[in-house]
């Protein structure tokens, strides 16, 4: 649970800083910072991909997962649903708008899922810690513009990522080394894709790629049965 706790604390601290520096922080600063962090995200992803015979299964997982995601249009459906939710409140920087906007940003995304799974299965918190850094920067900017509601977005982040981490930790004893390698490699390739998006070099629909992780688990378990 250390990963989700660190992420929640990062949001709290950053929100408090953002609230106190409202007149200093500018949107252009956020864009520049995110671009730099995008490079770091790509490097972390590359470092975590294992290149061996399991790469065949990693590729198969990514392709099948992408086909499923694109067929069901997961990203479009999630975005449409979130747009409807955010329209329920006024857009004047109220508490609820800040809370919802920040919660959506911090909870919905590949790093939240991949990082929590990696944290629970392999006790590797680097992706969650990197996400915490990204959320720290974003929380500062959001709290400076949207107010106090951003601070309380740490609650859904802690609950959501905490639940994912505990679930992953619970099933880790059922997974062998090959399974863990395949899952981790797929997850890290998705992290690379996310980093490229942050650098504005690509426009991958990350939510459409997330089924790849489920496919990776299925393929790995089938291999165990052969």
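The values are calculated or read from the model by the stated rules, or taken from the named source; none is laboratory data. Quick caveat: nothing in here was measured; it's all calculated off a predicted structure. Cβ atoms come from the backbone with ideal geometry, glycine included; neighbour counts cover every protein chain shown.
Counting only helices (runs of 4 or more DSSP H) wholly contained in region 1-89, the ones carrying 3 or more residues that are at pLDDT 85 or above occupy 2-20, 55-72, 74-86. Only one entry of 145, 179, 202, 133 meets the criterion of being touching a residue at least 24 places away in the same chain (Cβ under 8 Å) and closer than 23 Å to residue 39 by Cβ, and that entry is 133. Whether any residue in region 201-217 is within 12 Å of the chain's Cα centre (by Cα), under 19 Å from residue 45 (Cβ atoms), modelled with pLDDT of 85 or more and not in a helix (DSSP H, G or I) is what I want to check. Yes, that holds for at least one residue. Comparison of 139, 110, 102 shows that the only residue that is surrounded by 15 or more Cβ atoms within 10 Å (Cβ to Cβ), under 19 Å from the mean Cα position of the chain (by Cα) and modelled with pLDDT of 90 or more is 139.
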